[in-house]
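Colleague: The structure under discussion is supplied below as C-alpha cells; questions concerning it will follow.
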Amino acid sequence: MANGGVSRLSCRARRSVIGLLLPCSMAAAGPPAVDLEWRDRFVMGVDADTFRHVGKAWAKAQQALSDARATGDVRQEMRAAARYLAIKPVRGREDCDMLTHYVDIARAGGAAFERELFDLGAAAAWLEESVPCPSKPTGEQMQGLAQRLGDPARMYYVMEVKFAEVDRDLRWAEMTALRSRQLAHAIADFQRAYCFWSMSEIELSSDLRGTQAKVWLVRALQYVDSHEFVALAADIDGNLAVVEFRDNNPSAAMVHMRRSLARIRSGAKSAHGAGVDMLVFAKYLTKLDRTTEALDLLRESERYELANPSAAVSRASAYLAAYAKLGTREAYALGEVQVQRIHELVEASANPQLLRPSVIQQMADFYASFGQWELAFKAQRKVAAAIEAQQQRSRETTRLELQEKLNVALKDQENTRLKAEAELQAERQRGWILAFGAVAVGAVAAAAALAVAVRRGRRLAKVSAELADRNQALEQRSASRIRLLAAACHDLRQPAHALGMLAELGGDANVEPGRYTAWLQSVRRSTASLGDMLDELMDLGRLDGGHYMPHVSDVSLGELLQEVMLHFGPLARRKGLTLEAPPVNVLVMSDRHLLRRMLFNLVSNAIKYTDAGSVRVVAEPAGGEVCLTVQDTGPGIPQDKLDDVFRDYVRLNPLKAAEGLGIGLSIVRRSAELLGHRLTLASPPGEGTTVSLLLPISASEMATEPGERPADAASTAGGVLAVLEDDADVRDAMAALLRRWHYTVFAAADAQAVLTQLAPSQARPALVITDLHLGATDGLAEVAQLRAALQAPELPALLVTGDLDAAVASQAAQAHVFVAHKPLAPRQLAALVAQLLAGAGGLTPSPSDASANSPAA
C-alpha cells in the first residue's frame, strides 16, 4: 500500500498498477460515486501536468484555450480556462477577470455546470496569492460542491483551496494539519509526493532547526516518478539540497542541487521558480566560500524573469554577500551597482517595506567588509529604523484590529438596544392578544422543551456510544497486552529454564572438560534466544505505544546482507537449507535498526517454516528504489490466512509455536507503516512465500565494496575506557570483556571512584560507558561530573540501559551521550565502542530509539 501497509502484490507487479485506485478502506465498505472521466481529465490531466513539465504544460494550456474558444462550446471553454489558470506560471489581474467571466457563466448554469465550477475553483486556488479576486470560490463553497458532485477525491482540492486561504496569514500549524488531511484524500502518487514536499516547505519556512523536513522529503521521493514528474522532482531535490546545506552536509547538498538544476534548465519549472531556486542555492554556496560558483548561478538566474520585486531585491542582496566575500576593488564597484539596484526596485514599487531589515543588514555587512565604516554605520542605523518601523506597523495593525473589534462590539451593543426598544414597542402593540398568546406560548414552550429533551437524549446517546467505543478499544488493547505478557512469560521460560540448568552444570566443567565446549555453546544459544525475544518485545512495545521516533539515514544493504549470512548461515546449514544473499553495493534511506529488525524477522521466519530447499535474500533496483525480497521454498501460506500473518501473536503452524513469540511479522508490518516502506506478500500454494520491501535509494555516494570494509571492531581495539556500573557482577563482566579486546579499563560504581583510580597513572579515558541507574545518582549526571573533572566537555559517552522511556533518550541527546538498549550483544558492544572511539562515524545522538544508532550484531 502507499501508506506502507501490506498488499498481496509483488514489487514488480505493484509498479505496474495505476495509482488511481480507491483507498482499500473505501473499497471494503463499497465505493461511493466515482467520476472516472473527471479523474482522468482533471487529476491525471490538468493537475498532473503542473508537476510534469511547466514549460510544456503551459504551451499545451494556451493552445487548448485558443482551440476551445474557436469551437464556441462554453463547457469546453470553461474546462480549457481551468487548465490555463492552473498552469499559468505568473498570474495577474487579467486572470481574475477571466475567472470571474467563467465563474459567472457556471453559476448561472446551475447544476449543469457544477463540475466545471469546481474545476475553476480548484485551478484558481492560488490566484489570490498575487491579486485579490472576490469571484474565486471559497473553501466552504468548494466543499459544498464536492459533496454534491460525489467523488471523494474532490476533497483533495477542497483542502488545497483551504490551505491557500490560511497560507496568506502564515498559520504554520494549521497549514501542516491541512496538508496531513489532504494527504488522506490523495488518489495518485504525485499528489502524495506533493503533500510531503509541501510539509517540508512549511517546516523550512517556519523552523530552520526542525528535523521533520528530511523525513517528509524522503517520503516524497518514494512516490514521485522523477522521469515523468520532472518539475516536482526538481522541487523535492531542491528542498533536500537546502536541508543538507542547513545540516552542514555539503557533499550531499551538492548532489541534490545539481539534480534540481539539471531539471530546472530543461524548462521543467516556471521562470520565477527557476530564478528563485538558483538564488537560494547561490546564497548557500556563498556561505560555503564557493563564491565563484555562487556568482555564476546568480548571473544565470538573471535569464529567468522574477515575478515580483521582492525576489529581485533578494537577488541583489545575494550579490552583495558574494561580492563581500571576494573583497576586490572590482567586487566593490559591482556591489555598489547592486545597492543602487535595490533602491531603484524599492522606489519603482512604491513599497518601502521591500527594504527589509535583513536586506539593509546585508548592505551594512557589504560596506563593513570593504572598510567603509561610515556607510556601514549609516546602513546599520537604517536597520534599527527599519526594525522599529516594522514593530510600529505591527503595533498599528494590532491597534486597528482591536479598534475594529471594539467598533463591532459597540455596534452590536447599539443593535441590541434598538432591538430591545423595538421589541418593547411591539409588546405594547400586542397587549390586546395576551390571553390568546398565553395559550399559544404554552404550547410552543412545551414543544420546545420536548425538542430540547430529544436533542439532549440524542447527544447523551451519542456520547454514551463514543464512550462505549473507547472503552471497547481500551479493553481490546488491555486484552492485547495481557496476551502479550502471557505469551512472553510462557516463551521466555524456555531459554531461562535452559540457562538455569546449564548454570548448574557449569560446575562440572573441571570434572568433564570434554563437555565444556558443548556446554558453552548451549549457554550462548540460550542467551541469544533470550536476547532476541527481549529485543522483539521492546520493539513491539515502542511501536505499539507510538514512542519510537525513526532515525532515517543512509543504510548499506551490503552490510545488512553480510550480517544476514553471518547470523543465519549456521542455522540454515543445521537445517540442511541453502541460504543465499548475493552481495550488493547500494545505500538506502531508512532507520537502520528497524530495517535490520524487519529483515532478520523475515529471514528467521523463512528458515523456521522451510524444511527443505533454500531461502534467498535479493536486493534489486526498481527505478529510484530498491526492492528487497526474501524468498523461500516452504509450503506457502493458505490464501485465507494471508491477512492473518502480520497480526500479533499469530503462528500458523502450531508445531513451530515454541520457536518464538509470534510477533515477528507484526513488528515487520508496524515498522513498514512507520517508515513508509511498501510491504508486499505473495504466496502461491505450494510455491513458497515471497515478502518484499520497497526502499528509497539514498542520494549519497554508493557504499564501498564489502571487501573494503574495516576489520572487525573487536580485533582492532585498544584505548582507555571508563566504566560506571553499580552492579558488581555486571561491572566485572563488562570490564573483563573489554580487557579481552585489549582495552585498558577503569571500572567503578560512580565517577568519583573512577577519578580515584585514574589519579596514580594520570590516564585519561577516551570513552565513558555507563548504566543509567547508579544507586542514588544516574549515569548522565556522573558523565557530566567526569567531563567537568577532566576538563573534557567533548568526552564521548555511551549509556547502556534497559529503560525505554523516550524522555531518557531525549536527555541523553541533549547531553551528547549515545544510547544503546539492553540486552547488548558482545559484537554490538565491540562495534559501537570502536565507532565512538573513531569519532562516532555515522552515529548521532538522537532522542529517537538510540539502538538505531548501534551497530548491528
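Colleague: Would it be correct to say that L780 is open to solvent by less than 10 Å² (accessible area, probe 1.4 Å), in contact with a helix residue (DSSP H, G or I) (Cβ under 9 Å, 6 or more places away or on another chain) and among the aliphatic types (A, V, I, L, M)?
Modeller: Numbers: open to solvent by less than 10 Å² (accessible area, probe 1.4 Å): no; in contact with a helix residue (DSSP H, G or I) (Cβ under 9 Å, 6 or more places away or on another chain): yes; among the aliphatic types (A, V, I, L, M): yes.
No.
Colleague: Limited to the range 648-676, what total is found for residues that are part of a loop (DSSP other than H, G, I, E, B) and either modelled with pLDDT of 80 or more or not β-branched (V, I, T) (or both)? Talk me through it step by step, then tell me what you get.
Modeller: Within the range 648-676, the subset part of a loop (DSSP other than H, G, I, E, B) is 648-653, 660-663, 676.
After this cut, where a residue has to be either modelled with pLDDT of 80 or more or not β-branched (V, I, T) (or both) as well, the list is 648-649, 651-653, 660-662, 676.
Adding up the residues that qualify gives 9.
Colleague: Going residue by residue through the range 130-137, is there one that turns out to be assigned to a helix (DSSP H, G or I) and either crowded, with 18+ Cβ neighbours inside 10 Å or at pLDDT below 90 (or both)? Give the derivation first.
Modeller: First pass over the range 130-137, keeping only residues assigned to a helix (DSSP H, G or I): none.
Within the range 130-137, not a single residue is assigned to a helix (DSSP H, G or I) and either crowded, with 18+ Cβ neighbours inside 10 Å or at pLDDT below 90 (or both).
Colleague: Taking interchain pairs and intrachain pairs at least six residues apart, which have beta carbon atoms under 8 angstrom, with the first residue in the range 734-761 and within 18 Å of G779 (Cα to Cα) and the second of a type in the set (D, E) and open to solvent by 20 Å² or more (accessible area, probe 1.4 Å)?
Modeller: Close Cβ pairs satisfying both conditions: A747/D732; A749/D726; D750/D726.
Colleague: Restricting attention to the range 146-177, which residues are open to solvent by 10 Å² or more (accessible area, probe 1.4 Å), at pLDDT 85 or above and among the aliphatic types (A, V, I, L, M)?
Modeller: L149, M155
Colleague: A follow-up question, please. Do we find that D119 is part of a helix (DSSP H, G or I), open to solvent by less than 30 Å² (accessible area, probe 1.4 Å) and either of a type outside the set (V, I, T) or at pLDDT below 90 (or both) in this structure?
Modeller: Details: part of a helix (DSSP H, G or I): yes; open to solvent by less than 30 Å² (accessible area, probe 1.4 Å): yes; either of a type outside the set (V, I, T) or at pLDDT below 90 (or both): yes.
The answer is yes for D119.
Colleague: Any residue in the range 765-783 that is farther than 13 Å from V800 by Cβ sitting within a Cβ distance under 8 Å of a residue that is open to solvent by 30 Å² or more (accessible area, probe 1.4 Å) and in a helix (DSSP H, G or I)? List the pairs, counting only those 6 or more apart or interchain.
Modeller: A766/L837
Colleague: Could you look through the range 783-802, keep only residues that are within 33 Å of the chain's Cα centre (by Cα) and loosely packed, with under 15 Cβ neighbours inside 10 Å, and pick out the one that is farthest from Q752 (Cα to Cα)?
Modeller: Going through the qualifying residues, I end up with G802.
Colleague: Consider the range 741-757. How many of its residues are at pLDDT below 90 and either surrounded by 15 or more Cβ atoms within 10 Å (Cβ to Cβ) or in contact with a helix residue (DSSP H, G or I) (Cβ under 8 Å, 6 or more places away or on another chain) (or both)? Steps first, please.
Modeller: Kept after step one, since they are at pLDDT below 90, are these residues of the range 741-757: 741-742.
Okay, now just the ones that are also either surrounded by 15 or more Cβ atoms within 10 Å (Cβ to Cβ) or in contact with a helix residue (DSSP H, G or I) (Cβ under 8 Å, 6 or more places away or on another chain) (or both), so 741.
Count: 1.
Colleague: Could you go through the range 636-647 and let me know if any residue there is open to solvent by 50 Å² or more (accessible area, probe 1.4 Å) and at pLDDT 85 or above. Walk me through it before giving the result.
Modeller: Quick first cut of the range 636-647, residues open to solvent by 50 Å² or more (accessible area, probe 1.4 Å) only: 638-641, 643, 647.
Subsequent filtering for residues that are at pLDDT 85 or above retains none.
No, the range 636-647 has no match at all.
Colleague: Which number in (1) on the phi < 0 side of the Ramachandran plot; (2) open to solvent by 20 Å² or more (accessible area, probe 1.4 Å); (3) modelled with pLDDT of 85 or more marks the one condition that L679 misses?
Modeller: Only one criterion is unmet by L679, namely (2).
Colleague: Tell me whether the range 54-65 contains one or more residues that are part of a loop (DSSP other than H, G, I, E, B), out of contact with any helix residue (DSSP H, G or I) (no Cβ under 8 Å at 6 or more places or on another chain) and either open to solvent by 50 Å² or more (accessible area, probe 1.4 Å) or closer than 28 Å to L306 by Cα (or both).
Modeller: Filtering the range 54-65 down to residues part of a loop (DSSP other than H, G, I, E, B) leaves none.
No: zero hits.
Colleague: Another one. If F190 satisfies every condition in (1) open to solvent by 10 Å² or more (accessible area, probe 1.4 Å); (2) assigned to a helix (DSSP H, G or I) but one, which is the exception?
Modeller: So F190 meets the others, but not (1).
Colleague: Moving to a separate point now. Quick one: what pairs do we get from the range 88-111, first residue farther than 19 Å from K60 by Cα and in a helix (DSSP H, G or I), second small (G, A, S) and modelled with pLDDT of 90 or more, C-beta under 7 Å, 6+ apart or different chains?
Modeller: Partner pairs satisfying both residue conditions: Y102/A81.
Colleague: If I ask for residues that are in a strand (DSSP E or B) and surrounded by fewer than 19 Cβ atoms within 10 Å (Cβ to Cβ), which ones from the range 583-615 would you list? Don't jump to the end; show me each part of the working.
Modeller: Taking the range 583-615 and keeping what is in a strand (DSSP E or B), we get 587-591, 614-615.
Within the range 583-615, just S614 meets the criteria.
Colleague: Between A321, A307, which is in contact (Cβ under 8 Å) with a residue 24 or more places away in the chain, more than 30 Å from G371 (Cβ to Cβ), open to solvent by 20 Å² or more (accessible area, probe 1.4 Å) and hydrophobic (A, V, I, L, M, F, W, C)? Show your work before the answer.
Modeller: Numbers: A321 fails: more than 30 Å from G371 (Cβ to Cβ).
After applying the criteria, what remains is A307.
Colleague: In addition: Considering A241, A262, which residue is open to solvent by 20 Å² or more (accessible area, probe 1.4 Å) and under 18 Å from G624 (Cα atoms)?
Modeller: Details: A241 fails: open to solvent by 20 Å² or more (accessible area, probe 1.4 Å).
The conditions single out A262.
Colleague: Can you find, within the range 350-369, the residue that is nearest to R329 (Cα to Cα) among those that are open to solvent by 40 Å² or more (accessible area, probe 1.4 Å) and small (G, A, S)?
Modeller: The extreme case among them is S369.
Colleague: Out of the range 562-582, which residues are part of a loop (DSSP other than H, G, I, E, B), among the basic types (K, R) and surrounded by fewer than 13 Cβ atoms within 10 Å (Cβ to Cβ)? Step through it out loud before you land on a result.
Modeller: If we filter the range 562-582 for residues that are part of a loop (DSSP other than H, G, I, E, B), which is where we start, we get 575-577, 581-582.
Next, from what is left, pick out any that are among the basic types (K, R): 575.
Scanning the range 562-582 gives no hits.
The values are calculated or read from the model by the stated rules, or taken from the named source; none is laboratory data. Nothing here was measured: the structure is a model prediction, and the numbers come from that model. Cβ atoms come from the backbone with ideal geometry, glycine included; neighbour counts cover every protein chain shown. Note: accessible area is taken over every heavy atom of the protein model, side chains too, but ligands, DNA and RNA are not part of it. Shrake-Rupley method; radii C 1.70, N 1.55, O 1.52, S 1.80 Å.
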